[in-house]
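The numbers here are math on the coordinates, done by the rules we state, and not lab data. As the structure is a prediction and not an experimental result, all values here were calculated from the model. Neighbour counts are summed over all protein chains in view; Cβ atoms, including those assigned to glycine, are modelled from backbone coordinates with ideal geometry.
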Amino acid sequence: MGEAEKTFIGGLHEELVEDKVIDEAQLDPDFAEQIRKYGGKDVMTCLQCGNCTGVCPISLRIDYKTRNIIKCCQFGLKKYTLGTQWVCATCYRCYEHCPADLNPAEVMIALRHIAIREGIIPPFIKTAATNLVKYGQSVKPDPEIDRVRKELGLEKIGTEHPEYHKVIREINVLVHATKYDKLIGIQDEVKA
Amino acid sequence: MTAPAPQEKGTTPTSSKEETKSTARPRIGVFVCHCGSNIAGVVDCGKVRTIAEKLGDVVVAKENKYTCSDLGQEEIIKAIKENKVDKVVVAACSPRLHEPTFRKCIQHAGLNPYLLHMVNIREQCSWVHSHEKEKATDKATDLIRMGVAKAAKLEPLEAREVPVEPTSLVIGGGVAGIQAALDLGNMGFKVYLVETQPSIGGKMAQLDKTFPTGDCAICILAPKMVELARHPNITLLSYSEVEEVKGYIGNYDVKVRCKARFVHEDKCVGCGLCAEVCPIKVDNEFDLGFGQRRAIYVPFPQAVPLKYTVDKENCTHFKTGKCLLCVKACTNQAIDHKMQDEVVNLKVGTIIVATGYDTYEPKKKGVYKYWEYDNVITALELERLVNASGPTGGHLIRPSDGKPPKRVAFIQCVGSRNIKLGNNYCSRVCCMYAIKNAQIIMEHEPDTEIAIYYNDIRAFGKGFEELYHRIREEYQVEFIRGRPAKLSENPDTKSITIRAEETLLNKITERDFDLVVLSVGLQPSEGSKKIAKTLSLTTSPDGFLAEAHPKLRPVDTAMDGIYIAGCAQGPKDIPDSVAQAKAAASSAAAPMFARKVTVEPLTAMVNEDLCVGCGLCIELCPYGAPELVQGSKGGNKVHVIEALCHGCGTCAASCPQKAIITRQFTDDQIYSELQAALQTTKSADNKKKTEAEVS
């Protein structure tokens, strides 16, 4: 497993191999209920057929199994799951193919909510959030990108727009008002 | 809405004698049932009883642990005799369950059985309000107060009898229809069996072997088919369709269209000389496109009746007016291209619907690429390919190159257990037929590798688990738990790669197979959908025909005199279909043996003086019971055919003239109930008001 993958996956596979026996103390019985609260309403309905894993484009690249994460959620294996969900691209292919009409992507989004609130925040999330309050987008503006866009006949990204700074200010106010800055830990970057 | 005063209801046509009778105060007995703890666990039955005792007209109120038990019924009889009770209120379960029990009970004590009113304090009270005991007790009291008010207005009714024609119609000639027809024929009843195809036999005739015992399907079915054709009591109407059914239990008028075969059935001896000379070759539907037949054909060698049929779509004569080679070849002058459809009118007493199933057809743009890849086939196609009398003589081949496949995969739950497709149910047979077909393939070609992709294996029947065990032990068939995500074809070898998560291994696998078999589920047949409309039968949410009660009336339908058997009711294997067919035959035989049937008097009746013959009720009635007739004093009047009427009350509620009365649900009775209900609400309101004033 590459370094980058480890950052993304948080070592679900390794930890599962290490723990030979899972005792009850490791289980969080309210975990499924918590996931449902954050929108993953289908978590307990899953039949474990594995169709979602098979169609997942991420699973082609790295060791990531949608079905397995859902099973861990059903079981209450919180500590295994909270690092894994960032890799989901929310392409909803799993939802499209699920024979039981369930939505695993929603479970992944719910897991992100829970992880953030537990303080498990990967560095790239912080970077993206900082970019958002600084530049109004999650990717940092880059002269190289502008050059390519010009070549393709596209407009320049609106950093020079007269309203640009006003918009950035509004974003800052919103981020602060919703306490998103505190949640992610970027209070210092926000000017509200 | 203002409730008219009860005395205005004088329009109810009751004889003056009955009126004088009802002027005396009724003597009502109330019996509150504990139903073990079902009711008593929530409702305070003692309190309910004491309140009921004090209601006007109530002379006796009792409570019982189980009112439906012998002890409970004896108490009712005792009360009727000792306290001269003339109307009975039983507060217990739903009338659907025990109304007949208590009617018989009070009849035994000398009362008219329709002087009973049941108050449902179980399904509609204790079961649904199990968390609010006090409120449930209040509700039970209210319901009983309403029941007593209605019971006071009950009138005696007489059940009527209608004659039953001892003839039965069986629709569908699959194994279920054949069995039902044979059983009824053997009991001595005249039976008509209508089948849309040129031959009876249904889907079972297409199968190779049957699980779990491995009997050859056609070998065990063909003797039954022949027996049916030769049976003196059974008339077989093959290549025919039921067009119209009118009437009611005991007296159905059925119109059957016998489609033109263009061959006289009485002259054709099934020699096949005609087919030998026919120049047209088309795909045989019976072999699902793998074999071919001529334009004049029998679908399969064991067909019953063994009479040839001209396929009008493909016959040269119908296109050009020429050819007629078959006519020249026939030594019996049996072929007649000028034949016309014939409509036969039948009079039958009972009807058995055994219209079977269709297999699920994979979607055109589906994941499993059934329409794109040659080597992806359905299980029914596999049945034809491994069948000794099939197009390949029992040799399994790959459709792409005709070579025997070395690696075969089965994919389970295609078109069943799939909420996206709307087929939420399990088709019950796919696990076992896949296992059985794996066994057949291994017996033919022992060096074949077989993998079965499954979600859950359901081997629930007699001998099923043993077969599942044997297939693993003897043939080393591999079971892979996982639903395949993607199928792709190798353009050179035409073999199929299946990508799936092997969920028990927690690994994604990609494996190559020469042949992929989709274990398609069962769904309601087109014939079932059509017949449901013709007979006004209801369907379950899954689309199959609905039985009258899922446990206690599994072969009856909501329509009296119409029964269902086989896969028309839901997916089933052959033993279950046969068992249900036998059950349907015995249910249908009961009224035919008796030659008469008792019809509930809870029907609608029309007051001719008020009816203006507008016909609104005729349009609204779901059972076709009201009809327009010439009134005795002239003019169009509505008459209700009582045997067809189910007493639903739709007509009475809609009649602008209030000319229709539904017995035991008269306006008078319903308004009394409503008044009793409003009294309760009022007193509760007052109580609230006083409480508010005090505070």
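The table for this structure:
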quantity	calculated
Cα-Cα separations in region B:551-642 greater than 20 Å, expressed as whole percent	55
log10 of Debye I(q)/I(0), alpha-carbon scatterers only, for chain A at 0.08, 0.10, 0.15, 0.19 Å⁻¹	-0.35, -0.53, -1.00, -1.25
Hits among lysines - C-alpha to C-alpha of A:LYS41 under 16 Å, sequence gap 8 or more where chains match	A:LYS71
³J(HN,Hα), Karplus 6.51/-1.76/1.60, whole Hz, each residue of region B:514-522, x for Gly, Pro	7, 9, 10, 10, 8, 7, 6, x, 9
Crossing angle, helix A:66-75 versus chain A [Cα axis fit, 0-90 degrees, rounded to tens]	60
Projected label distance in nm at B:THR213 and A:THR90, using a 7 Å step from Cα toward the beta-carbon	5.9
Label-zone membership for region A:104-141, site A:LYS179, 7 angstrom Cα→C-beta point, backbone N under 14 Å	A:117-119
Charge dipole (debye, nearest 20) of region A:25-179; +1 at Cβ of Lys and Arg, -1 at Cβ of Asp and Glu	300
Cα long-axis angle, helix B:574-594 against chain B (0 to 90 degrees, to the nearest 10)	50
Filtered trypsin sites (Lys or Arg not before Pro), region B:632-677: DSSP coil and at most 11 other beta carbons within 10 Å	B:LYS633
Near-label residues of region B:151-187 by backbone N, under 14 Å of a point 7 Å along Cα→Cβ of B:VAL344	B:168-173
Proximal lysines relative to B:LYS87, as straight alpha-carbon distance under 23 Å, when same-chain residues fewer than 8 apart are discounted	B:LYS9, B:LYS17, B:LYS21, B:LYS47, B:LYS54, B:LYS62, B:LYS65, B:LYS78, B:LYS104, B:LYS139, B:LYS150, B:LYS153
Length released on extending from B:GLN630 to B:ARG96, taking residue separation times 0.36 nm less the Cα-Cα span	188.5 nm
Per-residue average of Cβ from other chains inside 10 Å of B:453-466	1
Packing rank of A:72-85, B:439-452, B:609-622, where each peptide gets the mean count of other beta carbons within 10 Å, highest leading	A:72-85, B:439-452, B:609-622
Residue among B:GLY202, B:VAL226, B:ILE531 farthest towards the positive dipole end of chain B, charges placed on Cβ	B:ILE531
The protein assembly as shown: projected area of the alpha-carbon convex hull, averaged over directions, in nm²	56.5
Dipole-positive endmost among B:ILE178, B:SER238, B:LEU288 within region B:178-302 (Cβ charges, Cα centre)	B:SER238
Farthest toward positive dipole pole in region A:123-187 [+1 Lys/Arg, -1 Asp/Glu at C-beta], among A:HIS161, A:THR178, A:VAL139	A:THR178
Label zone at A:ARG169 (point 7 Å along Cα-to-Cβ), backbone N below 19 Å, region A:95-137	A:132-137
Cα long-axis angle, helix B:70-82 against chain B (0 to 90 degrees, to the nearest 10)	30
Length-normalised contact order of chain B in % [C-alpha pairs under 8 Å, at least 6 apart]	13
Separation between Cα centres of region B:310-378 and region B:83-132, rounded to whole Å	55
Length added when fully stretched, B:ASN506-B:LEU324, from 0.36 nm per residue minus Cα-Cα	59.0 nm
Shielding by partners, peptide A:63-70 (average Cβ within 10 angstrom, other chains)	2
Other protein chain Cβ atoms within 10 Å, averaged over every residue that makes up A:43-53	6
Ratio Rg/Rh [Cα only; Rh per Kirkwood] for region B:493-557	1.30
Cα→Cβ-extended label distance, 7 Å offset, between B:ASP253 and B:LYS65, nm	5.7
Cα-centred dipole magnitude for chain B, charges only on beta-carbon of K, R (+1) and D, E (-1), debye, nearest 20	800
Cβ-Cβ FRET estimate between A:GLU160 and A:VAL139, R0 fixed at 22 Å, reported to 0.05	0.80
Region B:597-663, relative contact order [Cα under 8 Å, separation at least 6], %	46
Relative pair counts by distance (%), Cα atoms of region B:260-340, 5 Å bins	3, 17, 29, 27, 17, 6, 1
Dipole in debye (nearest 20) - region B:597-663, about Cα centre, beta carbon charges: Lys, Arg +1; Asp, Glu -1	140
Stretch gain in nm, segment B:LEU157-B:LYS81, where the contour uses 0.36 nm per residue and the Cα spacing is subtracted	25.3 nm
Restricting region B:406-469 to trypsin sites (Lys or Arg not before Pro) in coil, as DSSP defines it, with at most 10 other Cβ within 10 Å	B:LYS462
Fewest-first ranking of B:GLU473, B:GLU383, using other Cβ atoms within 10 Å as the exposure measure	B:GLU473, B:GLU383
Neighbour cut-off at most 14 other Cβ (10 Å), DSSP loop, trypsin sites (Lys or Arg not before Pro), region B:69-101	B:LYS84
Calculated FRET efficiency for the pair A:THR127/A:ARG147, C-beta based, R₀ 22 Å, to 0.05	0.45
Residue-averaged [θ]222 nm for chain B, counting only DSSP H segments that reach four residues, each worth -39500 (n - 2.57)	-9000 deg cm²/dmol
Alpha-carbon Rg with Dmax, taken over region B:597-663, Å	11.0, 33
Pairwise FRET efficiency - B:THR598 versus B:GLU74, Cβ, R0 = 30 Å, nearest 0.05	0.75
Mean separation of Cα contacts under 8 Å, 6 or more apart, over the residue count of chain A: relative contact order %	20
Burial order of peptide ranges B:134-147, B:369-382, B:317-330, B:224-237 (average beta-carbon count within 10 Å, highest first)	B:134-147, B:369-382, B:224-237, B:317-330
All lysines inside 30 Å of B:LYS403 as judged from Cα atoms, apart from same-chain residues fewer than 8 positions distant	B:LYS203, B:LYS209, B:LYS281, B:LYS363, B:LYS364, B:LYS365, B:LYS369, B:LYS436, B:LYS486, B:LYS494
Ordering of B:568-576, B:167-175 by burial proxy (mean other Cβ atoms within 10 Å per residue, highest first)	B:167-175, B:568-576
